[in-house]
Amino acid sequence: MWCSAIIGILLLSWMSLFTGVKDIRAGELLTDSEQLLVFVISRVPRTVALILIGAGMSIAGFVLQQLSQNRFVSPTTSGALEAAKMGILVALMVLPQSSLSVRMVLAVLFTFVTSFVFILFISKIKLRSSIFIPLVGLMFSGILSAISTFFAYKNGIVQNTQEWLLGDFSSVMQGQYEGIYIILPAVLLISIFAQRITIAGMGESFARNLGISYNGVVCIGLFTVSIVVSSSVITVGAIPFLGLIIPNMVVILFGDNLRKNLPIIAYVGAVFLLICDLIGRVLVYPYEVPIGMTVGIIGGIIFLVLIFKKQTRG
């Protein structure tokens with residue numbers, strides 16, 4: 001099974017590397033300097049970014065679902081994406097010449113605080129409906145988006161904020177994408193605390209009875225989610241529903257054990273994003289559909305299907 005899976009992602013990666021407006025052929029890379037330059041500067045970073053962000057955002061969504069005890073919570077439906085954009089906006093307003101690392105720190109900070117507030121808020125809600133919680137998150141996201149748009153308009157940088165509204169990998173190039181490598185230690189940290197996050201997802205009382213610091217685990221989980229979401233938004237913009245649909249599909253097939261499902265979720269997320277990117281690149285060739293749009297359409301449809309299925313079971 002894993003042999004087929006490895007072959008599958010290698011094939012998709014190969015297609016990603018050699019699909020685009022510029023015709024690049026593997027046999028001519030060593031003889032054609034122009035093809036080699038485009039391949040190294042653009043195609044390789046883009047494919048690496050697709051794999052890392054696809055895997056990282058999917059895992060981040062699963063962590064949020066575990067901590068919130070709700071299958072419909074994700075960076076899209078918890079305000080995490082909007083919080084990351086707000087952090088970048090604050091960096092642009094307060095420190096216009098700030099470096100990428102400063103924007104990253106502020107984005108992580110805003111995402112962490114917002115995610116913590118969201119988890120705290122839903123823990124106080126008596127109506128624990130699986131549909132009600134994500135709807136609250138979407139309203140929360142709308143409020144954050146409205147605040148960001150207001151201040152962006154006041155400071156004349158609305159056009160800058162538009163870049164983060166829809167994920168797009170076409171601008172990923174060497175020297176501009178390396179920040180996403182921080183996803184790797186974040187995922188490693190999640191794998192180390194996977195068992196504890198799973199236990200924390202069973203409730204505060206249950207976790208404390210087993211001698212686990214519930215608040216500590218929640219903070220670690222939200223911190224890693226903030227790193228993944230912030231690095232993704234800074235690099236390519238917002239990609240909706242990715243952290244929602246992938247964990248749900250994997251849980252339906254393999255159960256909800258985080259440690260067991262971690263590599264599966266990462267793999268499926270990377271494959272899904274590679275496929276969506278390839279569709280966007282060939283759908284209106286030689287033009288390109290932003291991946292945020294393709295993922296948003298497919299993810300939105302799957303989200304509705306999951307909601308209707310949940311209502312039918314209820």
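Any read-out appearing in this document is the output of simple, stated calculations on the displayed coordinates, not a laboratory observation. None of the values given here were measured: they were computed from a predicted structure. When we count neighbours, we look across all protein chains shown, and the Cβ atoms used for this are built from the backbone with ideal geometry, even at glycine.
Note on the chain: GNM, Cα springs under 10 Å; of PHE193, PHE241, PHE254, the largest mean-square fluctuation is that of PHE254.
Angle check, please: helix 258-282 long axis (alpha carbons) against the longest principal axis of the chain (alpha carbons), in degrees 0 to 90, nearest 10. Between the helix axis and the principal axis of the chain, the angle is about 40 degrees. The angle between the Cα long axis of helix 183-192 and the main principal axis of the chain comes to about 40°, on a 0 to 90 degree scale. The charge dipole of region 60-313, taken about its Cα centre with unit charges on the Cβ atoms of Lys, Arg (+1), Asp and Glu (-1) only, comes to about 860 debye. So if we plug the beta-carbon distance of THR149 and LEU11 into 1/(1 + (r/R0)^6) with R0 = 45 Å, what FRET efficiency do we get, rounded to 0.05? Result of the calculation: an efficiency of 0.65. Summary value for the chain: 30 percent relative contact order, contacts being C-alpha pairs under 8 angstrom separated by 6+ residues. FRET efficiency for the LEU36 to SER99 pair, using the beta carbon distance and R₀ = 35 Å, is estimated at 0.70. Who wins for biggest fluctuation among ALA266, ALA80, ALA152 in a Gaussian network model of the chain, springs between alpha carbons below 10 Å? The residue with the greatest mean-square fluctuation here is ALA152.
Farthest toward the dipole's positive end in the chain, which of SER4, VAL217, MET249, given Cβ charges of +1 (Lys, Arg) and -1 (Asp, Glu) about the Cα centre? It is VAL217. For the chain, the longest principal axis of the alpha carbon atoms and the long axis of helix 242-254 meet at an angle near 70°. Projecting the Cα atoms of MET93, SER205, ILE24 onto the charge dipole of the chain, computed from C-beta unit charges around the Cα centre, puts SER205 farthest toward the positive end. Considering the chain at the alpha-carbon level, its Rg and Dmax are found to be 19.5, 66 Å. Build a GNM of the chain with springs between Cα atoms under 10 Å apart, and of GLY255, GLY296, GLY79 the one that fluctuates most is GLY255.
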